[in-house]
Amino acid sequence: MATLPQRIVILTGAGISAESGLGTFRDKDGLWTKVRLEDVATPEGFARDPDYVLDFHNERRLIVRDAVPNAAHHALARLEQFWPGEVLVVTQNVDGLHEKAGTRNLIHMHGETGKVRCNICADVRPWDEDITTGLHCPNCGTVGQLRPDVVWFGEIPYHMERIHDALAACDLFVSIGTSGVVYPAAGFVAQVRMKKRAHTVELNLEPSDGASMFAEQVNGPASRIVPEFVDRLIERLS
Ligand code: OAD
C-alpha cells in the first residue's frame with residue numbers, strides 16, 4: 001500500500017503463542033484433539049460438571065502463568081510504541097502474553113485466564129488461585145458460581161462494539177496465527193474488505209481457511225514473520 005496506514009488493527013490467535021510453548025487448538029496436536037470442547041468450553045459443560053471444567057481451567061491457568069512472550073509479541077509491542085498512528089491488538093488468546101510483552105492498546109475478545117467471573121452477579125476480578133465450586137463470590141456471596149473469565153462457545157465475545165468501530169475505521173488489518181474458523185473473529189477480514197481502501201494481510205504458519213480473503217499473505221512461524229513485517233512497516237517511517 002502506498003500511503004502510511006493511520007489506523008492499524010491486528011487480530012491474533014493461538015498461533016502467535018505457539019512458540020511460547022502454548023499449544024494451539026486445531027493443529028495436529030491441538031487442544032481440541034485431546035479434550036472435547038463441549039465438555040470444557042461451554043456453559044452446558046459447566047452446568048453438567050463444574051469440577052471437571054474448573055480443574056481443566058486451573059491447569060491451563062498455571063501453564064499460561066509461566067509462559068513468556070516470544071519475538072512476535074515483542075514486535076507488536078514495538079510497533080505500538082513507534083507507530084505514529086493508532087495500533088490496536090484484538091486478541092482471541094486468553095494467555096496474557098501481549099501485555100507481558102508491553103502491548104497496551106489491547107482488547108481481549110475471549111477474556112483472560114487470569115480473571116474470575118461470577119455467573120450470578122457478573123463481578124470480574126483478577127484471580128491467581130485455583131477456582132473451586134466451594135468458593136463464595138467476593139461480591140455477592142453466592143457459592144459455586146465462580147468461573148474463569150473466558151468466553152465459551154455459545155457466549156458473545158467481549159467488546160464487540162469497540163472492535164467493529166475499529167475495523168470500520170482501520171486502513172490496515174493484519175491477522176496473525178488464527179485458523180479463521182471461529183466467528184465472529186473469522187468474519188473481521190470480510191468486514192474490513194467492504195471498505196476498499198483498507199489493506200488486509202495474513203501472517204500465518206500456513207494459509208488459513210480464510211486465506212483467500214486477504215490481499216497479502218506471508219507464511220512461516222510467527223516469531224520470524226511478525227518481526228520482519230513490523231520492521232518493514234517501521235522502515236517506511238524513515
Ligand atoms: P487455532 O488452533 O484454530 O489456529 C491456530 C492457527 O495458528 C492455525 O492456522 C495454525 O496454522 C497457526 N499456527 C500454528 N503455529 C504457528 C506459528 N508458530 N506461527 C504462526 N502461525 C501458527 O487457534 P485460533 O484461531 O486462535 O476460542 O482459535 C480461535 C478460537 O478457537 C480460540 O480463541 C478458542 C478456540 O476454540 C474459545 O475458546 C472461545
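Give me the dipole magnitude in Debye, nearest 20, for the chain about the Cα centre, with unit charges on the beta carbon: positive for Lys and Arg, negative for Asp and Glu.
Using only the charged Cβ atoms, the result is roughly 660 debye.
Can you give me the angle between helix 71-82 and the longest principal axis of the chain, using Cα atoms only, in degrees from 0 to 90, rounded to the nearest 10?
In the chain, helix 71-82 runs at an angle near 60 degrees to the longest axis.
Enter the Cα centre distance for the pair the range 113-151 and the range 16-68, rounded to the nearest angstrom.
Taking the Cα centre of the range 16-68 as reference, the centre of the range 113-151 is 18 Å away.
Just from the alpha-carbon atoms, what are the Rg and Dmax of the range 1-136 in angstroms?
Values for the range 1-136 (Cα only, Rg and Dmax): 16.9, 58 Å.
Go through the cysteines of the chain and tell me which have no other cysteine Cβ under 4.7 Å away.
When partners are defined as cysteine Cβ atoms under 4.7 Å apart, the chain leaves Cys170 without one.
Keeping every protein chain in place, order Met109, Met194 by accessible area at 1.4 Å, biggest value first, i.e. largest first.
Met194, Met109
Scan around Thr200 for amide H atoms under 5 Å from its own, H built in the peptide plane at 1.01 Å from N, and keep only partners 5 or more places away or cross-chain.
For Thr200, whose amide H was placed from the backbone, the distant partners under 5 Å are Phe173, Ala215, Glu216.
Can you give the net charge of the other residues whose Cβ lies under 14 Å from the Cβ of Gly154, counting K and R as +1 and D and E as -1?
Result for the neighbourhood of Gly154: -2.
When only alpha-carbon atoms are used, what values of Rg and Dmax, in angstrom, describe the chain?
18.3, 58
Determine the per residue accessible area of the chain with all protein chains present and a 1.4 angstrom probe, expressed in square angstrom. Walk me through the numbers before you get to the answer.
On the way: 11540 Å² over 238 residues.
Each residue of the chain exposes 48 Å² on average to a 1.4 Å probe.
Tell me, what is the FRET efficiency for Arg104 and Val68 to the nearest 0.05, using R0 = 22 angstrom and their Cβ-Cβ distance as r?
Rounded to the nearest 0.05, the efficiency is 0.75.
Would you mind calculating the relative contact order of the chain from Cα pairs under 8 angstrom and at least 6 residues apart, reporting the percent as a whole number? Before the final figure, lay out each step's value.
Numbers: 436 pairs, mean separation 54.9, N = 238.
Worked out over the chain, it gives 23 percent.
Have a look at Gln81, Leu106, Phe46 and report the one farthest towards the positive end of the charge dipole of the range 7-154, computed about the Cα centre with Cβ charges (Lys/Arg +1, Asp/Glu -1).
Result: Gln81, furthest along the dipole toward the positive end.
Near Lys100, which lysines are there with a Cα under 17 Å away, not counting those fewer than 8 places off in the same chain?
Once the sequence-local lysines are set aside, what remains near Lys100 is Lys115.
Quantify, in whole percent, the carbon and sulfur part of the accessible surface of the range 131-238 (1.4 Å probe; protein heavy atoms only).
In the range 131-238, the share of accessible area belonging to carbon and sulfur is 55 percent.
Counting C-alpha atoms alone, how compact is the range 96-189: give Rg to one decimal and Dmax as a whole number, in angstrom.
15.8, 49
Rank Ser238, Thr12, Phe153 by how far each Cα sits towards the positive end of the charge dipole of the chain (+1 on Lys, Arg Cβ; -1 on Asp, Glu Cβ) and give me just the farthest.
Ser238
What does the C-alpha gyration tensor say about the overall shape of the range 8-47? Classify as rounded when a/c is under 1.5, otherwise prolate if a/b is larger than b/c, or oblate.
Because a/c hits 1.5 or more and a/b fails to exceed b/c, the range 8-47 counts as oblate.
Work out from phi, with θ = phi - 60° and the Karplus expression 6.51 cos²θ - 1.76 cosθ + 1.60, the ³J(HN,Hα) of each residue of the range 133-139, listed in order in whole Hz, and give x for Gly and Pro.
6, x, 7, 8, 5, x, 8
What is the pair-distance distribution P(r) of the range 36-102, computed from all Cα-Cα distances in 5 Å bins starting at 0, with each bin given as a whole percent?
Cα pair-distance distribution for the range 36-102, in percent: 3, 15, 18, 16, 13, 11, 10, 8, 4, 1.
What is the angle, in °, between the Cα long axis of helix 50-65 and the longest principal axis of the Cα atoms in the chain? Nearest 10 is fine, range 0 to 90.
It is inclined by approximately 40 degrees.
Taking only Cα atoms, what is the 0 to 90° angle, nearest 10, from helix 222-235's long axis to the longest principal axis of the chain?
Taking the Cα atoms of the chain, the angle to 222-235 is about 40 degrees.
Using the Cβ atoms and a cut-off under 14 Å, what net charge is assigned to the surroundings of Pro43, where Lys and Arg are +1 and Asp and Glu are -1?
Residues close to Pro43 contribute a combined charge of -3.
Taking one equal scatterer on every alpha-carbon of the range 135-230, how large is log10 of I(q)/I(0) by Debye at q = 0.10, 0.16, 0.18 1/Å?
The computed values of log10 I(q)/I(0) come out as -0.39, -0.75, -0.87.
Using the Cα centre as the reference, give the magnitude of the dipole from point charges on the C-beta atoms of the range 107-206 (Lys, Arg: +1; Asp, Glu: -1; all else neutral), rounded to the nearest 20 debye.
Using Cβ point charges on Lys, Arg, Asp and Glu, the range 107-206 gives about 440 debye.
The values are calculated or read from the model by the stated rules, or taken from the named source; none is laboratory data. Because the structure is a prediction, the values reported are computed rather than measured. All Cβ positions, glycine included, derive from the backbone under ideal geometry; neighbour counts span all protein chains shown. Areas reflect the complete protein model, heavy atoms only, side chains present, ligands, DNA and RNA absent. Shrake-Rupley method; radii C 1.70, N 1.55, O 1.52, S 1.80 Å.
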